[in-house]
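This report concerns only the one structure given below.
The values are calculated or read from the model by the stated rules, or taken from the named source; none is laboratory data. A quick note: this is a predicted structure, and the numbers were derived from the prediction, not measured. Note that we place each Cβ from the backbone using ideal geometry, even for glycine, and neighbour counts take in every protein chain shown. We work out accessible area using only protein heavy atoms, side chains counted, and drop any ligands, DNA or RNA first. Shrake-Rupley method; radii C 1.70, N 1.55, O 1.52, S 1.80 Å.
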Amino acid sequence: MSRRSWRGLAITGLVLAAGGGAWAVAPTASADDAPRITQLAGVTDGATVSGTARIEARTSGTIDRVEFSLSGAGTATWTEREAPYYFMGINGATVPGWHAATAPEGAYTLTVRAIGPGGTTRQTVRFTVGRQAGEPAPTPTNGGTANAANPSVRNGVATFTANKSIGKLSVPDSWTEIVIGAGVTLRGNFFIPANRTKALTITGRDKQTSQLTGDGPHVKDYARAGVTTEAKIKLTLRNYTSVNPRFYHMWAKSAQVVMSGMRYLDNRDLGSNNSDGFSGGDDSLIENTFIDTWDDSAKLYTGDLTIRDTTIVHNRNGAPIQMAWGDYGQGTAILDGLTVVSNSSNGYNQGVFSWAGGTKADTRTIRIVGAGFTRKVNPGMVEAPLYAFKDGVKNKTIRVEGGVCSVVRSTSANTFQGANTSGNKVVVTGCR
């Protein structure tokens, strides 16, 4: 998979940028490798901005990633890992930019960091978001009554500007992007027909307040997952909060899913529902995301999955990384900055890495790279098992490549074997 296909995103509010400021290279940088920001193209320092801003951090030296962080009347973070480094990313040759017309007016500070093996360089720029003379104020996004169609659809982009019950909304083929406004809660779910061939993006204007929530009690119905599809498409989910879905937060077993800057939350009935988090197809990505739900957080069923800069809360029910509930599936989980937080005071039904069913010989791989894998325990809670093979599971292998030996080695204390299990093992190679 090209790095372009998993461009980083974690937005918590307004996004905009400008040029100018000063850069400084970390003292440890070599002359050849030291990362530099040569220009922030888009808007000059001290500017007043409206309309659409397309901001590029132009660099020299060896760059691993560029991080954008915005504070002020709105906040946002964004990570780009491949040039050109555009705020809000780039889709092929298209630079979506950010629409200042939907942003709160006020003062902002944008900090941009270019990071590489030779050090870090930083540039800071300050600017103001305001309306041009004669420009209308933005449509309300505080959950009130919209002044226009809700959603309004323009050039394939459907924008929801006020709270709405959408039921099981079958996404029209003409829609290429769905936007959930800041302060907007949609009740129901997005159902993407199986015959769709076009890519689809669902995005929020504000990670905290752009929300998609279930519209009824739990039901075991894949068509009622927060976002659900059997289509083999690229599906991008970014920058909104999913709360208490009727089934999974998202289920897309054939789609390549790029999930970035998301929050998956469940705060009801303490584990007696299937509020699973993520189930996507081969070459999917979870990045800059927070998952706190009551069943399996991520399924390793249908191909390779990369998890980067993400936190998963491990509650009593379910596994942060679930291998399978039977003799099916395949894939490698690549962990590059995954933190798992134990969050139960009285034990766990499954471990961090779990196999919950099946008797045929099979292997799943956990590959730990870059920022690696970290475990934490919330105050007053007990640590979960690291590996678990549930009752009746046989002949399964969890292969771990890399990581810190003291964290990932299998021991009698961190590995659970259920009743009537046999032939299961954890194999660790290449740890340090």
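Things to note:
- Of all residues making up the stretch 58-91, the number that are touching a residue at least 60 places away in the same chain (Cβ under 8 Å) and within 21 Å of ASP336 (Cα to Cα): 7
- Failed condition for MET88, given (1) within 22 Å of LYS207 (Cα to Cα); (2) in contact with a strand residue (DSSP E or B) (Cβ under 7 Å, 6 or more places away or on another chain); (3) at pLDDT below 90; (4) open to solvent by 60 Å² or more (accessible area, probe 1.4 Å): (4)
- Entirely in the stretch 255-321, the strands (runs of 3 or more DSSP E) that have 3 or more residues that are of a type in the set (S, T, N, Q): 305-314
- Listed conditions (1) among the aromatic types (Phe, Trp, Tyr); (2) open to solvent by 40 Å² or more (accessible area, probe 1.4 Å); (3) farther than 23 Å from VAL426 by Cβ are all met by TYR264, apart from (2).
- Checking each residue in the stretch 37-57 for being touching a residue at least 24 places away in the same chain (Cβ under 8 Å) and either open to solvent by less than 40 Å² (accessible area, probe 1.4 Å) or under 11 Å from VAL112 (Cα atoms) (or both) picks out ILE37, LEU40, VAL43, ALA47, VAL49, SER50, GLY51, ALA53, ILE55, GLU56, ALA57.
- Among the residues of the stretch 58-72, just one is surrounded by fewer than 16 Cβ atoms within 10 Å (Cβ to Cβ) and acidic (Asp, Glu), namely ASP64.
- Filtered residue count, the stretch 204-225, keeping only those that are part of a strand (DSSP E or B) and either open to solvent by 10 Å² or more (accessible area, probe 1.4 Å) or among the β-branched types (Val, Ile, Thr) (or both): 2
- Any hit, the stretch 307-320, residues being modelled with pLDDT of 95 or more, charged (D, E, K, R) and open to solvent by 60 Å² or more (accessible area, probe 1.4 Å): no
- Strands (runs of 3 or more DSSP E) fully within the stretch 370-426 that include at least 1 residues being under 14 Å from ASN349 (Cα atoms) and open to solvent by less than 40 Å² (accessible area, probe 1.4 Å): 387-389, 415-417.
- Qualifying residues in the stretch 73-85 (those that are modelled with pLDDT under 80 and open to solvent by 30 Å² or more (accessible area, probe 1.4 Å)) - the one farthest from THR124 (Cα to Cα): ALA73
- Residue within the stretch 170-180 that is part of a strand (DSSP E or B) and more than 26 Å from THR302 (Cβ to Cβ) present: yes
- Among the candidates THR228, THR236, the residue that is of a type in the set (Val, Ile, Thr), open to solvent by 20 Å² or more (accessible area, probe 1.4 Å) and farther than 22 Å from GLY370 by Cα is uniquely THR236.
- In the stretch 55-70, the condition of being modelled with pLDDT of 80 or more, small (Gly, Ala, Ser) and under 18 Å from GLY106 (Cβ atoms) is met by at least one residue.
- Residue under evaluation ARG246, criteria (1) in contact with a helix residue (DSSP H, G or I) (Cβ under 7 Å, 6 or more places away or on another chain); (2) assigned to a strand (DSSP E or B); (3) of a type in the set (Lys, Arg), criterion not met: (2)
- Residue within the stretch 101-118 that is modelled with pLDDT of 85 or more, under 21 Å from THR289 (Cβ atoms) and not aliphatic (A, V, I, L, M) present: yes
- Restricting the stretch 267-289 to residues that are more than 12 Å from MET250 (Cβ to Cβ), of a type outside the set (D, E, K, R) and in contact with a Leu (Cβ under 8 Å, 6 or more places away or on another chain) leaves a set whose member that is modelled with the highest pLDDT is LEU285.
- Subset of the stretch 347-369 (residues that are closer than 22 Å to THR311 by Cβ and open to solvent by 50 Å² or more (accessible area, probe 1.4 Å)): ASN349, ARG367, VAL369
- Entry remark, the stretch 350-376: residues being more than 22 Å from the chain's Cα centre (by Cα) and either farther than 21 Å from ALA413 by Cα or free of Cβ contacts under 8 Å to residues at least 40 places away in the same chain (or both) number 9 in total.
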